[in-house]
Amino acid sequence: MTGRPTLNQRRRDATRLEIARTAAALFAEKGAEATTAEEIALAAGISLRTFYRYFSVKEDAVAPLLAAGGRQWVERLADSPADLPLREALESAAVASLTPADEAGAEMMRWTRSLLRDPQLEGTWQRVHADSEVRLRAVLAERCPAGADPLEIRLAAAAATAAIRVALEQWAASGAPATGPDSPRDLGARCMRELTAGLRLWERLS
């Protein structure tokens, strides 16, 4: 077993992402409140029954887009060198995930800005970040030595996830570009340093 997703899982993930892109385009055009699940399914070329196999409510159809950056961040942290201090690894992974590396990354940022400006999607956004915090907590726990305080690990995951959330929300509400001053990367680094500065976990690992 290599841990690589099966072909069926990759197909399901691709379908979920295609539905998410379709929903995001409709939400950007009409707003989430005025868009129906039937419209999303029709535009995506699937049946309404198939739509509900993937998502329980229409708002959650965009969750794969909103969650993509958080998944990338946690994966980068998990893959970072073991000898890199945890605080540095955390910030480095966050900054990298908030920096569009190509046109696909830039497109994802554009979708994120549009979706975060829709108040109807606030619940979906909060659930995405709650899931990201749980994944981050597991990765932090793996990088910490045995006996690390679970509460301090949880606080670190909560603070780091909040830093990313605040940075993206601040950027989405502004007219700042996706790169440069006041970009997600710029705000993310600042929020990460300020929100995690006083954590005792770093003292335990120094």
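Can you give the charge dipole size of the stretch 119-206 about its Cα centre, rounded to the nearest 20 debye, using +1 on the beta carbon of Lys and Arg and -1 on the beta carbon of Asp and Glu? Can you show the working numbers first?
Working: 11 positive and 11 negative charges, 35 e Å.
With only Lys, Arg, Asp and Glu charged at Cβ, the dipole is about 160 debye.
Top to bottom by accessible area (1.4 Å), largest first, where do Ser132, Ser56, Ser92 land? Spell out each step's value before the answer.
Details: Ser132 5, Ser56 90, Ser92 70 Å².
The ranking, largest first, comes out as Ser56, Ser92, Ser132.
What value, in deg cm²/dmol to 500, does the helix sum -39500 (n - 2.57) over DSSP H runs of n ≥ 4 give at 222 nm once divided by the residues of the chain?
One gets -23000 deg cm²/dmol as the mean residue ellipticity at 222 nm.
Work out which helices of the chain, taken as complete DSSP H runs, extend at least 30 Å along their axis over the Cα atoms and score a mean Kyte-Doolittle of -0.5 or more, then list them.
150-172
Taking the full set of protein chains and a 1.4 angstrom probe, give the accessible area of Leu151 in square angstrom, rounded to the nearest 10.
Probe radius 1.4 Å; accessible area of Leu151 about 110 Å².
What is the ratio of the Cα radius of gyration of the stretch 149-206 to 2.2 N^0.38 Å, where N is its residue count, to two decimals? Please list the in-between numbers first.
Working: Rg = 13.1 Å, N = 58, 2.2 N^0.38 = 10.3 Å.
It is 1.27.
Roll a 1.4 Å probe over the protein heavy atoms and report the accessible area of Met109 in Å², nearest 10.
20 Å²
The values are calculated or read from the model by the stated rules, or taken from the named source; none is laboratory data. Computed from a predicted model, the values in this text were never measured in an experiment. Note that each Cβ is placed from the backbone with ideal geometry, even for glycine, and that neighbours are counted across all protein chains shown. Protein only, heavy atoms only, side chains kept; ligands, DNA and RNA dropped before computing areas. Shrake-Rupley method; radii C 1.70, N 1.55, O 1.52, S 1.80 Å.
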